[in-house]
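The values are calculated or read from the model by the stated rules, or taken from the named source; none is laboratory data. The shown structure was predicted, so the numbers you read here are calculated from the model rather than taken from an experiment. Because the Cβ atoms are built from the backbone with ideal geometry, glycine has one as well, and the counts that use them run over all protein chains shown. Only protein heavy atoms, including side chains, enter the accessible area calculation; ligands, DNA and RNA are left aside. Shrake-Rupley method; radii C 1.70, N 1.55, O 1.52, S 1.80 Å.
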Amino acid sequence: MIREFWERRPQETAIAYERFRYYLSLAPETRSFNAVAKRFRVTLPTIAVIAKKHQWRERASSYDRRTGESTVAVATEATIAEALSQLNKVDEQGESPAGRALEEYRQEVERLGRQQMDLAKRLTKAAIDHSKNLEWSIERVTKHRQGEEEIEPRLLVGLHEAIEKTAKTLATLTTASTMAMGTGQEAWGRAIAVDRMLLEFRRLIEVEAQAQSEGVLPVDVRCEESASGG
């Protein structure tokens with residue numbers, strides 16, 4: 001059986017997984033190791049070590065993408081089709097409950113689209129900042145190797161560690177940004193599709209209302225009467 005990337009791993013203890021699950025439950029924009037450390041009353045380095053060992057950031061990104069896709073797909077094509085079949089039913093106020101439900105869904109996926117696109121922008125900005133830091137560190141190390149800049153051994157080790165850490169963070173940010181962008185675009189696509197459905201429905205209602213005002217039966221009604229010999 002294939003496990004989801006964020007599910008508990010064979011080598012992951014129950015305590016470690018419980019802490020990861022809490023990390024996962026936090027909203028992406030507020031998710032942090034520090035929050036987990038405070039929640040379980042342990043030191044930040046303790047959480048950082050566990051998180052690195054069990055790839056918390058990568059697993060969280062995978063989880064966010066999957067749940068984002070699930071949220072976008074709340075109304076399946078069958079659900080939308082069912083709602084459309086109910087659009088001509090109105091309540092006491094003369095409004096269509098199904099129409100309102102579709103409009104609320106459209107607004108929700110549009111909101112999700114904006115949220116994910118905004119997240120993608122922020123992640124991209126963070127990636128750019130890390131990229132600049134990476135370039136700066138690499139440039140200093142390169143100058144040292146070429147004899148253009150003298151760097152103390154201790155600082156040189158720190159630069160090498162910073163390059164490795166920043167490169168990994170940059171890769172994670174880039175992946176997360178791409179995922180958020182994809183989810184946002186999919187949400188926008190669904191919002192546009194539902195909007196087109198609603199516009200078509202309103203157009204048909206107007207055509208039917210105009211036909212009735214002119215004393216002309218809709219095509220489907222005329223066909224039924226003809227078939228019955230009326």
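Please tell me if residue 95 is modelled with pLDDT of 85 or more, outside any helix (DSSP H, G or I), open to solvent by 60 Å² or more (accessible area, probe 1.4 Å) and more than 30 Å from residue 49 (Cα to Cα).
Criteria not met by residue 95.
Counting only residues that are within 17 Å of residue 178 (Cβ to Cβ) and surrounded by 15 or more Cβ atoms within 10 Å (Cβ to Cβ), how many does segment 123-140 have?
Number of matching residues: 6.
For residue 137, state whether it is small (Gly, Ala, Ser), part of a helix (DSSP H, G or I) and modelled with pLDDT of 85 or more.
Yes: the conditions hold for residue 137.
Go over the candidates 46, 13 one by one and state the one that is open to solvent by 60 Å² or more (accessible area, probe 1.4 Å), free of Cβ contacts under 8 Å to residues at least 40 places away in the same chain and farther than 22 Å from residue 171 by Cβ.
After ruling out the rest, the residue left standing is 13.
Given the criterion within 17 Å of residue 56 (Cα to Cα) and surrounded by 13 or more Cβ atoms within 10 Å (Cβ to Cβ), identify the matching residue among 165, 143.
After ruling out the rest, the residue left standing is 165.
Could you give me the residue pairs with C-beta distances under 8 Å whose first residue belongs to segment 144-169 and is touching a residue at least 40 places away in the same chain (Cβ under 8 Å), whose second residue is of a type outside the set (A, V, I, L, M) wherever it lies, and which are 6+ apart or on separate chains?
That search, which allows pairs on different chains as well, returns nothing.
Would you mind telling me which numbered condition in (1) surrounded by 13 or more Cβ atoms within 10 Å (Cβ to Cβ); (2) over 21 Å from the mean Cα position of the chain (by Cα); (3) at pLDDT below 90 residue 19 fails?
The number of the failed condition is (3).
Scan segment 25-41 and tell me whether some residue there is closer than 24 Å to residue 111 by Cα, part of a helix (DSSP H, G or I) and either at pLDDT below 85 or touching a helix residue (DSSP H, G or I) at 6+ places or on another chain (Cβ under 6 Å) (or both).
Among the residues of segment 25-41, at least one is closer than 24 Å to residue 111 by Cα, part of a helix (DSSP H, G or I) and either at pLDDT below 85 or touching a helix residue (DSSP H, G or I) at 6+ places or on another chain (Cβ under 6 Å) (or both), which makes the answer yes.
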